[in-house]
């Protein structure tokens, strides 16, 4: 498999303070492990590009970006909500994060790579159509998925999310778009407590109680995601790749490990080979223990590469 790895050093400029878990250290840890293991040499490496205003508008309200720009401080941090702060470089980093999803989508759909992984921050899956929240400003995966739907070869898209937190933003954006299937596993009850009980044929919510283990997670995916994906037959699959359901992550209480991320990646690749010509775009979401995050990303990427 040909895999493209997309990142940018400027994603580290977004800094919400030394105590904030969504830290620049996350990307540094990933890069260090990929370089130490040599896996980075088996991928095409590219720098992120900036998203355009029109591309943001594919998934967000017209005034969403302008409201964020008005809150951007010239120094220090400004809290958009109790969890989500902007520093002077935050929207610069957020633009690169969303732009990476566009770049990955375009390369995969053009046949220049089989799949792509975007190691970027800030994350995106909590950003709703008209609101930033949960460390997220622009919904990177949703912007990429909407870009894919602009392509003449794409009629149906799937977004799958194994982050420990529910992808409320992605659900908000696609809840009335039946051509987009959204499948999510998440700890429940837990943040953000939005859209967990929504009833839509294209929304497959799989709540997991605290302390759920690998067996529970894999059963939820096989019993719920897999038949929905087989029925939907997506032309491309997007992965909101959050690794904070790892048992060593401090943010939640689900007990997954690196082999679970390897397993779910392989399952999604099998689905993609059957229906999507192998086309996958994966974008980093959560993961707040840098060591666990880095080795979980390594397992995810080894599977995408076929290493």
Legend entry - helices (runs of 4 or more DSSP H) wholly inside region 45-116 containing at least 3 residues that are in contact with a helix residue (DSSP H, G or I) (Cβ under 9 Å, 6 or more places away or on another chain) and surrounded by fewer than 23 Cβ atoms within 10 Å (Cβ to Cβ): 64-71, 90-109
Legend entry - Condition broken by residue 148, with the remaining ones in (1) without any contact (Cβ under 8 Å) to a residue 60 or more places away in the chain; (2) in contact with a strand residue (DSSP E or B) (Cβ under 9 Å, 6 or more places away or on another chain) satisfied: (1)
Legend entry - Selection status of residue 297, buried (at least 23 other Cβ atoms within 10 Å of the Cβ) and part of a strand (DSSP E or B): no
Inset, instruction - Could you pull out the residue among 240, 153 that is loosely packed, with under 15 Cβ neighbours inside 10 Å, touching a residue at least 40 places away in the same chain (Cβ under 8 Å) and either outside any helix (DSSP H, G or I) or touching a helix residue (DSSP H, G or I) at 6+ places or on another chain (Cβ under 9 Å) (or both)? - result: 153
Inset, instruction - Kindly indicate the residue of region 273-283 that is under 17 Å from the mean Cα position of the chain (by Cα) and either free of Cβ contacts under 8 Å to residues at least 60 places away in the same chain or over 23 Å from residue 135 (Cβ atoms) (or both) and also surrounded by the fewest Cβ atoms within 10 Å (Cβ to Cβ) among those meeting that condition. - result: 279
Inset, instruction - Select from region 195-219 the residues that are surrounded by fewer than 18 Cβ atoms within 10 Å (Cβ to Cβ) and either within 21 Å of the chain's Cα centre (by Cα) or assigned to a loop (DSSP other than H, G, I, E, B) (or both) and list them in ascending order. - result: 196, 197, 198, 199, 200, 201, 207, 209, 210, 211, 214, 218
Legend entry - Residues that are under 17 Å from residue 7 (Cα atoms) and surrounded by fewer than 24 Cβ atoms within 10 Å (Cβ to Cβ), drawn from region 284-293: 290
Legend entry - Qualifying residue in region 165-181 (condition: in contact with a strand residue (DSSP E or B) (Cβ under 8 Å, 6 or more places away or on another chain), in a strand (DSSP E or B) and crowded, with 24+ Cβ neighbours inside 10 Å): yes
Legend entry - Pair list, Cβ < 6 Å and 6+ apart or interchain, from region 1-21 residues that are at negative phi and modelled with pLDDT of 95 or more to residues that are surrounded by fewer than 18 Cβ atoms within 10 Å (Cβ to Cβ) and not in a loop (DSSP other than H, G, I, E, B): 3/305; 4/44; 5/45; 8/47
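The values are calculated or read from the model by the stated rules, or taken from the named source; none is laboratory data. Being a predicted model, the structure only gives us computed values, none of them experimental. Here the Cβ is made from the backbone with ideal geometry for all residues, glycine too, and neighbour counts use every protein chain on show.
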